[in-house]
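Visitor: Okay, here's the structure, questions in a sec.
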Amino acid sequence: MDNSQTKGDGKASFGFRDVPEDERQGLVNQVFARSAKNYDLMNDLMSGGLHRLWKSDFLAWLAPPRAGSGRPFRLLDVAGGTGDVAISYARMTGEESSAVICDISAEMLEVGTKRVIEAGLSERLELVEGNAESLPFPDRSFDAYTIAFGIRNVTHIEKALSEAFRVLKIGGRFMCLEFSHVDVPGLDRLYDLHSFEVIPRLGEVVAGDRDSYQYLVESIRKFPEQERFAGLIRDAGFERVSYRNLTGGIAAMHSGWRV
């Protein structure tokens, strides 16, 4: 299966169909505008709560300075609109640590803003509307860059990775958590059944929006498999690139360093 987002002929993949390349981001934005209010609930239902464990593993591998370390640390969490990763990060670090949540979707950021306020973390977590392909931040301004379940929704993945490299300090770390390609015989068939039969129906029943969730499961299948994505990270300039599969490859964590 072709795992690229852009086709080189002015077309781009939007799930299993091709659309004009310059229209893809707008279509993706519509998906998240419709799904923002139910996003976290649907994540729980779609993954059986596994996404929470995956994000916990993700932050554990990032290993930011713990409270009391006295070490300032600044995180950029891209496509982190509802704030779950950044809030968890803030709770495991000290007052000297901060984060910027950047998302292209105003609707997702609206949900995230409410959650950050409710968590009492407004002084440490900033929310900014911005595009992963053209980040509104200076060069070398963050200690770490995270993106969880967001990079497959970017039209030009190479541009997003180049921007991640640009905004990281020397010694900074890029980390991505994304649905990936199952490498366990038998699990792959169960996963396909769940993805294409169960998830769109959940979207229709719970969120009243089957089409958005049909796109989301199709976009997973169009995303580069683990080794190919690791190669894209290396091509962006990162070194010591590695990845770890989660739940048989249903999801994978990728890491790279700017050295």
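The values are calculated or read from the model by the stated rules, or taken from the named source; none is laboratory data. Keep in mind it's a predicted model, so treat the numbers as computed, not measured. Neighbour counts are summed over all protein chains in view; Cβ atoms, including those assigned to glycine, are modelled from backbone coordinates with ideal geometry.
Visitor: Within segment 132-143, is there a residue that is free of Cβ contacts under 8 Å to residues at least 40 places away in the same chain, in contact with a strand residue (DSSP E or B) (Cβ under 8 Å, 6 or more places away or on another chain), under 18 Å from Lys222 (Cα atoms) and not aliphatic (A, V, I, L, M)?
Guide: Looking through segment 132-143, none of the residues is free of Cβ contacts under 8 Å to residues at least 40 places away in the same chain, in contact with a strand residue (DSSP E or B) (Cβ under 8 Å, 6 or more places away or on another chain), under 18 Å from Lys222 (Cα atoms) and not aliphatic (A, V, I, L, M).
Visitor: In contact (Cβ under 8 Å) with a residue 60 or more places away in the chain, assigned to a helix (DSSP H, G or I) and aliphatic (A, V, I, L, M): does that describe Ile170?
Guide: Taking the combined requirement at face value, the residue does not satisfy it.
Visitor: For the structure I just gave you, tell me whether Lys114 is charged (D, E, K, R), buried (at least 20 other Cβ atoms within 10 Å of the Cβ) and in a helix (DSSP H, G or I).
Guide: no
Visitor: Tell me whether segment 20-37 contains one or more residues that are over 22 Å from Glu204 (Cα atoms) and of a type in the set (A, V, I, L, M).
Guide: Within segment 20-37, none of the residues are over 22 Å from Glu204 (Cα atoms) and of a type in the set (A, V, I, L, M).
Visitor: Now a separate question. Can we say Ser162 is in a helix (DSSP H, G or I), modelled with pLDDT under 95 and among the small types (Gly, Ala, Ser)?
Guide: Working: in a helix (DSSP H, G or I): yes; modelled with pLDDT under 95: no; among the small types (Gly, Ala, Ser): yes.
Criteria not met by Ser162.
Visitor: Can you tell me which residues in segment 58-71 are free of Cβ contacts under 8 Å to residues at least 40 places away in the same chain and either in contact with a Cys (Cβ under 6 Å, 6 or more places away or on another chain) or surrounded by fewer than 16 Cβ atoms within 10 Å (Cβ to Cβ) (or both)?
Guide: Selection gives Ala60, Ala63, Arg66, Ala67, Gly68, Ser69, Gly70, Arg71.
Visitor: Further question on the same structure: Just for segment 40-50: of the residues that are in contact (Cβ under 8 Å) with a residue 12 or more places away in the chain and either buried (at least 20 other Cβ atoms within 10 Å of the Cβ) or acidic (Asp, Glu) (or both), which one is nearest to Glu95 (Cα to Cα)?
Guide: Across segment 40-50, the extreme among qualifying residues is Asp40.
Visitor: Go over the candidates Leu109, Leu127 one by one and state the one that is touching a Leu at 6+ places or on another chain (Cβ under 6 Å) and in a helix (DSSP H, G or I).
Guide: Leu109
Visitor: Is it fair to say Ser13 is polar (S, T, N, Q) and in contact (Cβ under 8 Å) with a residue 12 or more places away in the chain?
Guide: So Ser13 fits the description; yes.
Visitor: If you scan segment 72-102, which residues turn out to be exposed (fewer than 14 other Cβ atoms within 10 Å of the Cβ) and either part of a loop (DSSP other than H, G, I, E, B) or in contact with a Phe, Trp or Tyr (Cβ under 7 Å, 6 or more places away or on another chain) (or both)? Can you show your working first?
Guide: Pass one, segment 72-102, residues exposed (fewer than 14 other Cβ atoms within 10 Å of the Cβ): 72, 91, 95.
Pro72, Glu95 - these are the residues of segment 72-102 that are exposed (fewer than 14 other Cβ atoms within 10 Å of the Cβ) and either part of a loop (DSSP other than H, G, I, E, B) or in contact with a Phe, Trp or Tyr (Cβ under 7 Å, 6 or more places away or on another chain) (or both).
Visitor: Of all residues in segment 149-167, count the ones that are under 16 Å from the mean Cα position of the chain (by Cα) and without any contact (Cβ under 8 Å) to a residue 60 or more places away in the chain.
Guide: 2
Visitor: Kindly indicate which of Val182, Val198, Val217 is of a type in the set (Val, Ile, Thr), more than 22 Å from Ala160 (Cβ to Cβ) and crowded, with 16+ Cβ neighbours inside 10 Å.
Guide: Val182
Visitor: Separate question: Pick from segment 182-197 the residues that are part of a helix (DSSP H, G or I) and touching a residue at least 12 places away in the same chain (Cβ under 8 Å): which of them is nearest to Gly248 (Cα to Cα)? Lay out the reasoning, then the answer.
Guide: Quick first cut of segment 182-197, residues part of a helix (DSSP H, G or I) only: 187-197.
Now restrict to residues that are touching a residue at least 12 places away in the same chain (Cβ under 8 Å): 187, 191, 195-196.
Details: Leu187: 8, Tyr191: 10, Ser195: 15, Phe196: 18 Å.
Restricting to residues being part of a helix (DSSP H, G or I) and touching a residue at least 12 places away in the same chain (Cβ under 8 Å), the top hit is Leu187.
Visitor: Does any residue in segment 237-251 that is at positive phi come within less than 9 Å, Cβ to Cβ, of a residue that is buried (at least 19 other Cβ atoms within 10 Å of the Cβ) and part of a loop (DSSP other than H, G, I, E, B) six or more places away or on a different chain, and which pairs are these?
Guide: Hits for this filter: Gly237/Arg258; Thr247/Val182; Gly248/Val182; Gly249/Ser180; Gly249/His181; Gly249/Val182.
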